[in-house]
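See below for the structure under consideration.
The values are calculated or read from the model by the stated rules, or taken from the named source; none is laboratory data. Predicted model only: the values in this text are computed from it and were never measured. Every residue, glycine as well, gets a Cβ built from its backbone with ideal geometry; the counts of neighbours run over all protein chains shown.
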């Protein structure tokens, strides 16, 4: 018998309920037939063969060449490695499909539709972003479009995440001539991360603990919460690509020298 919590965690390995019951039964029993396992795991005998075949493909079960056919469980450690390998192969295959799709006429047609001039709905040019992963992904998206400059204000705590997440993009932006400015609180704790950034960006000390990113004075993402008091999952930001965003961008840039110390 396994607890509901254990079953839930094992489902995280990509197993369904029947597969969890069969595999854990095999772990405790050793070599068994499909009929024996259906009784032990309390699943229909007609389903046990399909379940065992699925477990074999996923790398959780081996078949012994006996009469009747008997099955043995692969060790949990090896099963975990098999799951990791299968996940990598599956992800790699999906990425290849997406890469092929990128160069098809379908994407070209959709791109034309997207870029075609249309009536402006201001509500579509702003939005709320929830969760730090979503925030960083959107910031990365708008920075990829940067032509002139990127201005980032961040905190002493967050600078290390900025460095780790965006360094590859900073390198790319520098190579195409985009200027990058980062303002944060420099200290002994941030010295290493600031040093890593100086190759790609102008890093300036500021006592202002605001968190935002401005790209070419057109698009802005404001993080509205104190990152020292909020879990990354609950972080919230506001993205704008409107006339108001442009006005805010100009205002911030015009006052930048007064804000930085």
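Is it true that residue 192 is surrounded by fewer than 18 Cβ atoms within 10 Å (Cβ to Cβ), touching a residue at least 60 places away in the same chain (Cβ under 8 Å) and in the same structural domain as residue 234 (by TED's automatic domain parsing)? It is false that residue 192 is surrounded by fewer than 18 Cβ atoms within 10 Å (Cβ to Cβ), touching a residue at least 60 places away in the same chain (Cβ under 8 Å) and in the same structural domain as residue 234 (by TED's automatic domain parsing). Of the listed requirements (1) surrounded by 11 or more Cβ atoms within 10 Å (Cβ to Cβ); (2) farther than 30 Å from residue 161 by Cβ, residue 97 misses just one: (1).
Take the residues of segment 152-161 that are surrounded by fewer than 22 Cβ atoms within 10 Å (Cβ to Cβ) and not in a loop (DSSP other than H, G, I, E, B): which is farthest from the chain's Cα centre (by Cα)? Checking each candidate, the answer is 160. Does residue 204 satisfy the criteria of being more than 19 Å from residue 238 (Cα to Cα), touching a strand residue (DSSP E or B) at 6+ places or on another chain (Cβ under 6 Å), without any contact (Cβ under 8 Å) to a residue 60 or more places away in the chain and in a loop (DSSP other than H, G, I, E, B)? So residue 204 does not fit the description; no.
Of the residues 27, 15, the single one that is touching a strand residue (DSSP E or B) at 6+ places or on another chain (Cβ under 7 Å) and either buried (at least 21 other Cβ atoms within 10 Å of the Cβ) or modelled with pLDDT of 85 or more (or both) is 27.
One line per residue, one yes/no per condition, for (1) in a loop (DSSP other than H, G, I, E, B); (2) within 13 Å of residue 25 (Cα to Cα):
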site: 47; (1), (2): no, no
site: 54; (1), (2): no, no
site: 66; (1), (2): yes, no
site: 71; (1), (2): no, yes
site: 77; (1), (2): no, no
site: 85; (1), (2): no, no
site: 92; (1), (2): no, no
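Counting only helices (runs of 4 or more DSSP H) wholly contained in segment 1-44, the ones carrying 2 or more residues that are within 31 Å of the chain's Cα centre (by Cα) occupy 4-11, 17-29.
Within segment 226-251, restricting attention to residues that are modelled with pLDDT under 90 and assigned to a loop (DSSP other than H, G, I, E, B), the residue that is farthest from residue 146 (Cα to Cα) is 229. With respect to the conditions (1) touching a strand residue (DSSP E or B) at 6+ places or on another chain (Cβ under 8 Å); (2) over 19 Å from residue 130 (Cα atoms); (3) at pLDDT 90 or above, residue 172 falls short on a single one, namely (1).
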